[in-house]
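Every read-out reported here was derived from the displayed coordinates using simple, explicitly stated rules and does not represent laboratory data. Computed from a predicted model, the values in this text were never measured in an experiment. A quick note on method: Cβ atoms are made from the backbone with ideal geometry, for glycine too, and the neighbour counts reach across all protein chains shown.
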Amino acid sequence: MSTTSPASTEHGSGPGLKANALGTSDLVFIVVSAAAPLMVMVGVAPLALMIGGIGAPSAYVFAGISLAIFAVGFTTMSRHIDNAGAFYSYIAVGLGRTAGVISALVALVSYNALQIGVYGLAGVAIQGTFVEVFGIDQPWWVYALACIAIVWYVGFRSVDFGAKFLAVLLTAETALLLVLAVAIVVQGGGKEGLGLDSFAPGNMFVQPMTVILPTAFAAFMGFEATVIYRRETRDPRRTIPRATYLAVAILAGTYAFIVWSIVQAFGASGAVEAATTNGVGMFFVAGETYLGSWFTTAMHLLIATSVVASLVAFHNAVTRYSLAIADEGLLPAVLAKVHPRTRAPYVAGLVQTALSLAIVGGFAIAKADPYTQLLIWVNTPGIFGILLLQVAAAISVVAYFRKRATGEGAWRTVVAPVVSAGLMLLAIVLSAKNISFLTGTTGAVNQVLLLTIPVTCLLGLAWATWLRRNRREAFDAVASSCETAEVSA
């Protein structure tokens, strides 16, 4: 594989992305950081326990297994596709250029939605930290704007700098969660002791679990980003599959173990009541009980850094998606420019930062709620978009290998992709059916959120049609940098 990105060879915009900068552990840190495990546990796990009961830990196991099955076909295809466009390029190669253009637009909308919405959460979380720890109270948007600046700076620096930055933050937040879980286990849990009731069939296979499954899948958002860094990865044919499986395993194992340990802290008979009574404070109560007051301070500080780490990881994913798509002529060529010193896609980074400023600023001026509106309203379409891309990517694996004799085997090229497509479709249906649970509201807002991705698909189809008729060379260039046979129209 070339050590420079197509941006340098096709557009003459200087050096390409920094080759051979990332190893397996770097990719794992980037992907797991995007998921923000500490925020998922503190902010979402209590709600999952309230709705799903003590069987909630099994929802994360189910989601992890589903995504691991998806990764079988996804990573198999990664060995044959030399492109950093991930979903977009895979779908284009497997299902045709029109599907590729549609998925490119869906990916841009979805990743931006997932990243920008989190600025609302960042504002609230950091505001709470400064009030509790330092006694300083400023509006949420002050902290959100500060985060935008930090994210831009880290994204502008070299990719290995970003990976090291995320490694430090992720290690700290994960260590804190594990310290609490281990303390609970070592001390034998609450009055009822330790038990495996969370994984008993009577607690796992109950109707309320279908309500919380979408949140379990959402907790893994961004795990597929390993492929986006292909051009900056050492030995991508081996590194990307390893990192993908490791990331899914780490997230699933961490989520299930931590939520199970919290159930043990309050006992099988008291965990749901504790979650209902304390809400997001459930982990703080457990920390005070099993570790002492220092845990509360540490938790406040690391919640703030957890959100920042997630924002950085998604920002980098967005910029590399933009670069890959611009490099093939679907977006302005300037977005494919790479900085000569840091080797980062700095123009794409500036555009994404400007978009973040505009949306966060708009919500702030409108005095909208940063959590229930900026986070939830903006994030929700992104969740649906990524799930839809996963379904399309799984189907594209089958279509791609059906036309080629590669010797990869039926499990990797047919069975696993078909099973995972079915599981992702189930997640989409459950998410749509239970959207009120995801958004906390009803009526027109939910209808708009549900229609966002279908409308994006229609716009993508119109875009593809226009390109095919008016810019045939750009349409024919879709996924043209892949090491594969020609893509059908």
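To the nearest ten degrees, helix 97-129 and the longest principal axis of the Cα atoms of the chain are 30 degrees apart.
Ranked by the mean number of other Cβ atoms within 10 Å of their residues, highest first, the peptides 157-170, 364-377 fall in the order 157-170, 364-377. All C-alpha pair distances within the stretch 117-192, sorted into 5 Å bins from zero, spread as 3, 13, 14, 16, 18, 15, 10, 6, 4, 1, 0 percent across the bins. By the beta-carbon count within 10 Å of each Cβ, the least crowded to most crowded order of Phe205, Phe74, fewest first, is Phe205, Phe74.
Counting only alpha carbon atoms, the long axis of helix 416-433 and the longest principal axis of the chain meet at about 60°. In this Cβ point-charge picture (+1 for Lys and Arg, -1 for Asp and Glu), the stretch 84-239 has a dipole of about 680 debye about its Cα centre. Fewest to most neighbouring Cβ within 10 Å: what's the order for Arg237, Arg231? Final ranking by Cβ density, sparse to dense: Arg237, Arg231. Counting every other Cβ atom within 10 Å of each residue's Cβ, Val360, Val131, Val211 order from fewest to most as Val131, Val211, Val360. For Leu22, the residues 5 or more places off, or on other chains, whose built amide H falls under 5 Å of its own are Thr233, Arg234. Below 8 Å between Cα atoms, with a sequence gap of 6+, how large is the relative contact order for the chain in percent? For the chain, the relative contact order is 35 percent. Charges were assigned to the Cβ only: +1 to each Lys and Arg, -1 to each Asp and Glu. The resulting dipole of the stretch 6-476 about its Cα centre is roughly 1540 debye.
A simple packing score, the average count of other Cβ atoms within 10 Å per residue, orders the peptides 259-271, 24-36 as 24-36, 259-271, with the highest score first. Relative to the 2.2 N^0.38 Å rule of thumb, the stretch 6-476 has a C-alpha radius of gyration ratio of 0.95. Seen against the Cα atoms of the chain and their longest principal axis, helix 346-365 is set at about 50 degrees. With contacts taken as Cα pairs under 8 Å at a separation of at least 6 residues, the stretch 95-163 carries a relative contact order of 24 percent.
Protection proxy ranking, highest mean first, for peptides 287-297, 403-413: 287-297, 403-413, where packing is the per-residue count of other beta-carbon atoms within 10 Å, averaged. Considering only Val185, Met204, Gly155, the residue lying farthest towards the positive end of the dipole of the chain is Gly155, judged by Cα position with unit charges set on Cβ.
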